[in-house]
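Below: the structure, in C-alpha cells.
All of the numbers you see were taken from the coordinates with simple rules; none came from a lab. Computed from a predicted model, the values in this text were never measured in an experiment. When we count neighbours, we look across all protein chains shown, and the Cβ atoms used for this are built from the backbone with ideal geometry, even at glycine.
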Amino acid sequence: MIIIYMLQILLIFLSIYIISSKNNLKAIIFFSIFSLVTASLYYFLKAPDLALAEVAIGSAITPLIYIIAISKQREFLVVSHISKRDSFLLNTKDTVGKGYKLLDDFTKHYNLKLVINHGKYDELKGIFRSRNIDLVIEKSKKNGRYILKGKKTSILMNKLAQLTITDDDIEVITIEEGEIYD
Amino acid sequence: MKTSQILICISRVLFPFIVLYGFYITINGHLTPGGGFQGGAILATAVLLSYFIQPEKIRNLNLLIKLEKYMFIVILIVSSISLFTRGEIFTNFLPINSSINLKSLFLTILNLFIGIKVSTGLVLVFSTFIEEGK
C-alpha cells in the first residue's frame, strides 16, 4: 500500500516537472518516465493488461514520435537548381562558397539546421503531402544573378532580404502561399 | 539523427528477445494477461529498434498498408466461420462439446491476427513520421 502512495506522489512531481521544463527533449524523456511509473501503478492496482499496453505505447512509441517531430521542426530546407560545380553553394575544405556562408550564418543565428538538397522539386515529396520547402535557389539566365525564392508569410524571408540588400549578386523574391515555385 | 554505437549494439542484442516476448504475449493471450493488442504494440517496439540498427531497412510502406487492410478482412472471415459450422455468427467455430485445448485454437488464431494488424498499424504510424521529411 505504501508503494502505491509513493508512486502517486512521484507522478505528481513528474507531471509538474514536465509542464514547467523549458527543454523539449528533457520533457519528452520525463514523459517516458511518467508512463513507466503509471504502468507500475497499473500493475499494483491489479490491471496487468493495461500495464503491458502502457509500457509499449506510452514509454516507447509516443516519445519517439515526439522526438521525430522536434528534430523535423529545426530544419531549414533549401533546394538548389544551380549546378553542383557552381562555387556559390560549394562547401569543401579549401573553398567555402559565398551563398553557403550566408545561409550557414543565417541558420546558425536562428538555431536551425541547414539542409541543402540538389535536385528537382518533385522528388522531395513526403508520403501524404508535398514537403514544406523554405528556400529555392536559382540562377538567372539574363544577368547571372542568384535568385532566392521563399514564402511571403515567413518572417525569416524578410530578415534574409534585409541581409542581402547591399549585395549585387543576390536577389530575394517572396511568393504568395499556394503559388508554384517554378 | 546520429545514433551512438552503444545504442546500436544493445539494440542488436535486445531485438530477438523483444520479438519473442511479443509473440509469447500474443499467442498466450487467452491464458495470461495481454493479448493481441498488447503483443502487437510490443512487436511494433521491436521494429522501432530496428530503425536504430539499420535506418534504411523499411522501404516498401505500400506492402504494409496492404497487409493491414487484408488483416481486417481475415479477422472478419475467421470470426464468421462459425456461421457455417454452428449456425451462429461471431462465436467459436468448433463444436461446444470438444475439448478445451482444441477450443482455445479459435482465440489463439484471432489474437495472432489482431497482433499482426496492431503492429503493422503502429509501424505505419511512426514510419510515415520518419519518412515524411527525408
message: I'd like to know which of A:112, A:146, B:6 lies farthest towards the positive end of the charge dipole of the protein assembly as shown, counting +1 on Cβ of Lys and Arg and -1 on Cβ of Asp and Glu.
response: B:6
statement: Per the C-alpha gyration tensor (a ≥ b ≥ c, the square roots of its eigenvalues), the range B:1-83 is rounded if a/c is under 1.5, else prolate if a/b beats b/c, else oblate; here it's oblate
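Which number do you get for Rg(Cα) / (2.2 N^0.38 Å) in the range B:35-132?
So the range B:35-132 has a normalised radius of gyration of 1.33.
With respect to the cross-link table entries A:108/A:149; A:108/A:159; A:72/A:108; A:108/A:141; A:72/A:93; A:22/A:149, which display a Cα-Cα separation exceeding 24 Å?
As for pairs spanning more than 24 Å Cα to Cα, those are A:108/A:141; A:72/A:93; A:22/A:149.
Of all the stretches in chain A, which is the longest one without any exposed loop site, taking GluC sites (Glu not before Pro) in a DSSP loop (any state but H, G, I, E, B) with at most 16 other Cβ atoms within 10 Å?
That gives A:1-122 as the longest site-free run.
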query: Taking square-rooted eigenvalues a ≥ b ≥ c of the alpha carbon gyration tensor, is the protein assembly as shown rounded, prolate or oblate, where a/c under 1.5 means rounded and, failing that, a/b exceeding b/c means prolate?
result: prolate
- prompt: Nearest-5 percent of antiparallel DSSP beta bridges in the protein assembly as shown?
  reply: 30
field: Shape category assigned to the range A:2-72 from the gyration tensor of Cα positions, a/c cut at 1.5
entry: oblate
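What's the magnitude of the charge dipole for the protein assembly as shown around its Cα centre, counting Lys and Arg as +1 and Asp and Glu as -1 at the beta-carbon? Answer in Debye, nearest 20.
360
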GNM flexibility winner over chain A from A:39, A:53, A:161 (Cα, springs under 10 Å): A:53
- prompt: Using a Gaussian network for chain B with springs between C-alpha atoms less than 10 Å apart, which of these wobbles most: B:82, B:50, B:119?
  reply: B:82
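Would you mind calculating the relative contact order of chain A from Cα pairs under 8 angstrom and at least 6 residues apart, reporting the percent as a whole number? List each step's numbers first, then the result.
On the way: 207 pairs, mean separation 25.6, N = 182.
So the answer I get is 14 percent.
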statement: note: chain A, Cα-Cα separations exceeding 20 Å make up a percent value of 66
message: Among DSSP bridges having both ends in chain A, what percentage is antiparallel? Round to the nearest 5.
response: 30
message: Please list, ordered by chain and number, the residues whose modelled amide H lies under 5 Å from the amide H of residue A:113; skip anything fewer than 5 residues away on the same chain.
response: A:75, A:76
- request: Run the numbers on the range A:32-106 and let me know its relative contact order in percent, using alpha-carbon pairs under 8 Å that are six or more apart.
  value: 19
field: GNM flexibility winner over chain A from A:93, A:151, A:108 (Cα, springs under 10 Å)
entry: A:93
task: Give a residue-ordered list of calculated ³J(HN,Hα) values for the range A:148-162 (Karplus: 6.51 cos²θ - 1.76 cosθ + 1.60, θ = phi - 60°; whole Hz; x for Gly, Pro).
output: 9, 10, x, 6, 6, 6, 6, 6, 4, 5, 4, 5, 5, 5, 5
query: What list of ³J(HN,Hα) couplings, whole Hz, do you get for the range A:103-111 from phi and the Karplus terms 6.51, -1.76, 1.60, once you set θ to phi - 60° and write x for glycine and proline?
result: 5, 5, 4, 4, 6, 5, 5, 9, 6
task: Quick one: compute the contact order of chain B, relative version, from alpha carbon pairs under 8 angstrom and 6+ residues apart, as a percent.
output: 30
- line: Taking the convex hull of the alpha-carbon atoms of the range A:74-175 and averaging its shadow over every direction gives an area in square nanometres of 7.3
message: Only sites in a loop by DSSP and with at most 10 other Cβ atoms within 10 Å count here; which trypsin sites (Lys or Arg not before Pro) in the range A:33-91 make the cut?
response: A:46, A:84, A:85
